[in-house]
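What follows is a set of notes on a single structure, which appears directly below.
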Amino acid sequence: MTLSPATRRAVGLVLLAVVLATACTFLGRWQWNRHVHRDAAIRLVQTNYDADPVPLTDLLPTVDDALDPAKVWHPVTVTGRYDADGTVLLRNRPVNSQPGFHVLVPLVQDDGSTLVVDRGWVAWDADASGEVDVPAPPAGEVTVTARLRPQEVASTRSAPAGQVQAINVDQVLAAGGDSELDAYTAYGALVSESPTAATALGPLPTPSTDPGSHLSYAFQWWTFGIGALVGFGWMARREIRDERGIPRGPGVALGDLIPDEQGNLRAPRTRRVSDEDTEDALIDAQLR
């Protein structure tokens with residue numbers, strides 16, 4: 001069976017509509033999943049960030065235990081001694097567009113178990129070229145309150161001596177020369193220290209609770225998909241109606257339709273009014 005050109009165009013429009021609508025459906029679902037993930041992260045912050053601190057061993061009994069994802073950001077207390085010689089700087093973490101470093105220091109407990117603590121932030125020169133002055137942590141025994149975070153994925157990028165590109169515990173300890181320490185795989189983001197340091201570091205930025213635009217993007221994609229079906233479907237219908245001579249709108253009554261050579265009904269063709277016809281009409285009007 002051979003399809004007419006108009007039918008082929010209509011079929012192509014319908015297929016294009018289906019392809020676009022399918023793509024929009026998947027893109028909308030992708031944005032929806034991002035919204036769900038972001039919403040869960042925000043709820044976790046809202047639940048744990050300002051919770052009452054508990055002893056570190058309540059959430060991480062041993063260094064071999066993994067941090068429960070439901071306890072991320074939960075404050076804990078731990079007592080030990082900072083290994084100041086093992087201080088490491090975390091690169092490429094500006095705060096409010098100001099270049100700087102996070103200061104990572106191992107906190108060693110009496111039993112040797114170690115928690116890497118992100119003690120805060122120190123600014124760098126505006127052009128990121130000068131030396132960085134890192135204040136020392138408190139000496140002797142110190143009680144730390146910190147919010148637990150899972151360690152980051154190890155970075156494949158190189159860094160200068162004493163610096164890292166990610167808060168990965170093994171990389172931090174290696175950069176500080178403390179690879180032999182028995183450390184937790186989670187780290188702590190500092191809340192407070194007792195006693196306090198002589199010079200305080202800049203506070204760590206609070207996590208964002210902005211949900212973003214993922215939900216609105218999802219509905220936009222789904223709206224585009226529906227629009228593709230409606231718009232291209234209407235264009236396909238018009239192709240078929242034009243081929244059959246069916247009028248697109250009001251102005252031609254059903255009784256005015258005439259059959260063509262194939263037996264399809266079509267609207268009668270109207271003759272174009274020529275300039276001569278217009279001139280004759282004007283002369284007739286003047287003679288009356």
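What follows is calculated from the coordinates using simple rules that are stated; it is not laboratory data. Just so it is clear, the model here is predicted, and its values are computed rather than measured. Methodologically, a virtual Cβ is constructed for each residue, glycine included, from the backbone with ideal geometry; neighbour enumeration extends over all protein chains shown.
Work out the FRET efficiency for F26 and D210 from their Cβ-Cβ distance, taking R0 = 35 Å, and round it to the nearest 0.05.
On the way: r = 25 Å, r/R0 = 0.72.
Calculated value: 0.90.
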Taking 0.36 nm per residue of separation and subtracting the Cα-Cα distance, what length does fully extending T145 through A6 add? 42.7 nm
Computed FRET value (nearest 0.05) for V230 with V36, which takes r as the C-beta separation and R₀ as 25 Å: 0.35
Past the 28 angstrom mark, what percentage of all C-alpha to C-alpha distances in the stretch 13-154 do you count? 40 percent
With R9 itself left out, Lys, Arg at +1 and Asp, Glu at -1 over residues whose Cβ is under 13 Å from its Cβ give +1
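Answer rounded, prolate or oblate for the stretch 1-79, using the Cα gyration tensor with square roots of eigenvalues a ≥ b ≥ c: rounded when a/c is under 1.5, else prolate when a/b is larger than b/c, else oblate. Working shown, then result.
Details: a/c = 11.43, a/b = 4.55, b/c = 2.51.
Here the stretch 1-79 falls in the prolate category.
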Report the residues of the stretch 175-191 in range of a label on S155: point 7 Å along Cα→C-beta, backbone N strictly under 20 Å from it. 175-179, 185-190
